[in-house]
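Okay, so here's the structure we're looking at.
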Amino acid sequence: MKKYIYVVLLIGFWSCEDTDAPSKFEFHSNNRVSSLLITSSEYSNWINNDGFRDYSLRMPLFNEIYETFPDEYDFIFLVLNEPNIPSNLSYYGMLIGVSNDVEGIGKTMFDYSSDYGSTGKLKAVMQLTGLEYLKYGPSLHELAHQWANSALPTHNVDEAGDNLTSYPYWGHWGFTGGSTPGQLGGFNQSSLIDNGDSSYTVDHFGPFANGGNGVPYNELELYLMGFLPISSVTDFDMFTNITSLSVNETTFDLTATKTTITPNYLETSLGERLPSTTDSQKDFKLLVVVLTDAPLSDEEWGKVDATAEWFSKKEDDGTSLYNFWEATNGVASITIEN
């Protein structure tokens, strides 16, 4: 997305004025989701001061969670009890990395799990800023950040025009092709037209993202996540040093430096992925906790439980959206339970 004296931090989070209303966990009858009931002032402080990004607020909250739940979760998602993103927050979802033990994806090895209350199991924590954003928000996108993009020195620009200077866009694919438009952005490689003289045309795409849970992971993302062998990653192109961009009705025209990325390029620059795709983890366990200042109504419980059921479904959901199993082509799965 990380030693400290937790007693001091806990005092800082659970303020003296709220001692008559301690936090309280509640559980849905389907054992998929739970809620953490805090006081109105604590909840307001969490939202107004973006508590998820504030170390002094985030750490005591997750340690509180581990006082109730076992250390058996790969991911913990906090879901705000809001119909839509609060106006003062700037993101629909955010993932903060807690540990990484994978080599060959461009990330360093690290483990801050003990700061959160875990003994090494926890990989990352996420906050979704709307009650149904597990399904309708950026959950697939944010999960991809556990493994990508620290792999390629991608570029982006902020506007169309001439005489542009593109900039490094680590974390997302920017102007990079793929087998499909990726969860972390990038264009469909099959749409690329080489016009000569460093001029290219591609179909519309998003450098940052391509429609929330409306697209699956592409081949590169699946490789970095450990769900696809490197030999199955089709060659694609990465554009840097972008000097012009024209936005047309259905296409982008750009002038840039093109680099073709092959499986050999990836393995040479990143090293071998360890664990390999054969040995990588493919089944994950997720804890979903709704953060709220009022007990959830039956309708609110129903909404968040339905999104958890959908996201963890191990079959085609029958809609245009992709649950985790679908987005990984059925290779990986997530179990959501208390």
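Summing -39500 (n - 2.57) over the DSSP H runs of n ≥ 4 in the chain and dividing by its residue number, what mean residue ellipticity at 222 nm do you reach, to the nearest 500 deg cm²/dmol?
-6000 deg cm²/dmol
Of all the C-alpha pairs in region 155-261, what % are more than 17 Å from each other?
Across region 155-261, Cα pairs with separations above 17 Å total 49 percent.
Quick one, which of (i) 32, 26, 17; (ii) 30, 22, 20; (iii) 37, 21, 20 is the actual semi-axes √(5λ) of the Cα gyration tensor in Å calculated for this model?
Here the calculated entry is (iii).
At what distance in nm do the modelled label points of THR262 and SER276 sit from each other, each positioned 7 Å from its Cα along Cα→Cβ?
Inter-label distance under the simple model: 2.1 nm.
Give me the distance in nm between label points sitting 7 Å out from Cα along the Cα-to-Cβ direction at THR335 and THR165, one decimal.
In this crude label model, THR335 to THR165 measures out at 5.3 nm.
At 0.36 nm per residue, and after removing the present C-alpha to C-alpha distance, how many nm does the segment from ASP253 to ASN84 gain when stretched out fully?
57.3 nm
Could you compute the FRET efficiency for ASP54 and ASP197, with r as their C-beta to C-beta distance and R0 at 45 Å, rounded to 0.05?
Calculated value: 0.35.
Are there GluC sites (Glu not before Pro) in region 153-240 that DSSP puts in a loop and that have at most 15 other Cβ atoms within 10 Å, and which ones?
Details: sites: GLU159, GLU219, GLU221; in loops: GLU159.
Those satisfying the criteria are GLU159.
For a protection proxy built on the mean count of beta-carbon atoms within 10 angstrom, sort 223-234, 256-267, 49-60 highest first, please.
Final packing ranking: 223-234, 49-60, 256-267.
Which lysines have a Cα lying under 27 Å from the Cα of LYS121, excluding residues fewer than 8 positions away in the same chain?
Of all the lysines, those that pass the test against LYS121 - Cα under 27 Å, at least 8 places apart if same chain - are LYS2, LYS3, LYS24, LYS107, LYS135, LYS282, LYS285, LYS313, LYS314.
The numbers here are math on the coordinates, done by the rules we state, and not lab data. Since we're looking at a predicted model, the values are computed, not measured. With ideal geometry, Cβ positions are generated from the backbone for all residues, glycine too; neighbour counts draw on all protein chains shown.
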